[in-house]
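Read through the structure below, which is laid out as structure tokens, and then see the notes.
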Amino acid sequence: MKKNISVLAFICLLCFSGFAQQKPSDILLKNYRPKSIYHIPVTIPDRAKYPVIDMHSHPYANSAQEVDQWVKNMDEMGIKKTIILTFATGYQFDSIVKVYSKYKDRFELWCGFDYTGYDKPGFGPAAVKELDRCYKMGAKGVGELGDKGAGEIYSKPVPGYGLHIDDPRMKLLLAECAVLHMPINIHVAEDYWMFQPADSTNDGMMNAGDWHVDVKDGKLSHEQLIQSLENAVRDNPKTVFIACHFANLCYKP
């Protein structure tokens, strides 16, 4: 009898210890899995009520079969057209055109800028020539450009490190986009919390460390990146700019 009581007491002690370890201060954020106690109506639409244009996608499909499946998914969801931001020029853009050519009315391809030789004298005319060529191949716009502080890093196959959207070397390209009526989609900066110290006060919480943007070695700060876009818009009034992700100014009132 005493042995059974001792075993029961030991089990109770284990259970109590388990509960004691679940104090709020002991629960790690990565293990936080709240379950809502509120029973409210939930609507999950199966498809768009009206035809939709997806304004921001990338060339995820790498074969004709994958493109066929993509179109099937679009039909099921009520998506009329998808804008493919390729970043690409040259042979890379040509290969993307070939993959998506079967559905010209369902996909709209945008090219990148060719930054070959951007760090050498005379940069500009050749890049404009390549832009014109991509336009004739079917490119309807340019993007997605991407500057997170180090310059134009998204363009393929040649990135433009240290080249910002308001750089004088960009002038010919931005002007040609106005002539061709090609809007420019640009990803400038990142969420503001990525530029802040990755400490316990950071609004990005656990992602702050993994996605931290270290402003050093000539990189632009968040404020400087936003200013670079404003400079480009001011100096190129006939060029259409699309600041995707709300120019990462979501923190602004």
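The values are calculated or read from the model by the stated rules, or taken from the named source; none is laboratory data. Values in this document were obtained by computation on a predicted structure and should not be read as measured data. Please note: Cβ atoms are built from the backbone with ideal geometry, for glycine as well, and neighbour counts cover all protein chains shown. Heavy atoms of the whole protein, side chains included, go into the accessibility calculation; ligands, DNA and RNA do not. Shrake-Rupley method; radii C 1.70, N 1.55, O 1.52, S 1.80 Å.
A few points about this structure:
- ILE40 paired with ASP214, simple spin-label distance in nm, labels 7 Å along Cα-to-beta-carbon: 4.2 nm
- The stretch between LYS136 and ASN202, if pulled fully straight at 0.36 nm per residue, gains 19.1 nm over its current Cα-Cα span.
- Relative contact order for segment 23-120, counting Cα pairs under 8 Å that sit 6 or more residues apart, in percent: 26 percent
- Assigned charges on the beta-carbon of Lys, Arg, Asp, Glu; segment 74-143 dipole about Cα centre (debye): 200 debye
- List LYS238, LYS216, ordered by accessible area with a 1.4 Å probe, largest first: LYS238, LYS216
- Heavy-atom accessible area ranking, 1.4 Å probe, most first, across CYS244, CYS250: CYS250, CYS244
- Gain upon complete extension [LYS120, LYS252; 0.36 nm per residue less C-alpha separation]: 43.7 nm
- When the Cα atoms of the chain are aligned to their principal axes, the ranges along those axes come out at 94, 46, 34 Å in descending order.
- Relative contact order [Cα under 8 Å, 6+ residues apart], segment 119-253, whole percent: 29 percent
- With both labels modelled 7 Å from their Cα along Cα-to-Cβ, the VAL240 to ARG169 distance reads 2.8 nm.
- Cross-link partners for LYS219 among the lysines, with Cα-Cα distance under 19 Å and sequence neighbours closer than 8 places in the same chain left out: LYS148.
- Inter-label distance, nm, simple model (7 Å from Cα along the C-beta direction), ASN73/VAL233: 3.2 nm
- Computed about the Cα centre, the dipole magnitude for segment 132-253 is approximately 620 debye when only Lys and Arg (+1) and Asp and Glu (-1) carry charge, each at its Cβ.
- By the combined test of axial Cα extent (at least 18 Å) and Kyte-Doolittle hydropathy (mean at least 0.5), the qualifying DSSP H helices of the chain come to 2-20.
- Computed with a 1.4 Å probe over protein heavy atoms only, the accessible area of ILE242 comes to about 50 Å².
- For the chain, the dipole from Cβ point charges (+1 on Lys and Arg, -1 on Asp and Glu) about the Cα centre works out to 880 debye, to the nearest 20.
- 222 nm mean residue ellipticity, helices alone, for the chain (DSSP H n ≥ 4; -39,500 (n - 2.57); rounded to 500): -10500 deg cm²/dmol
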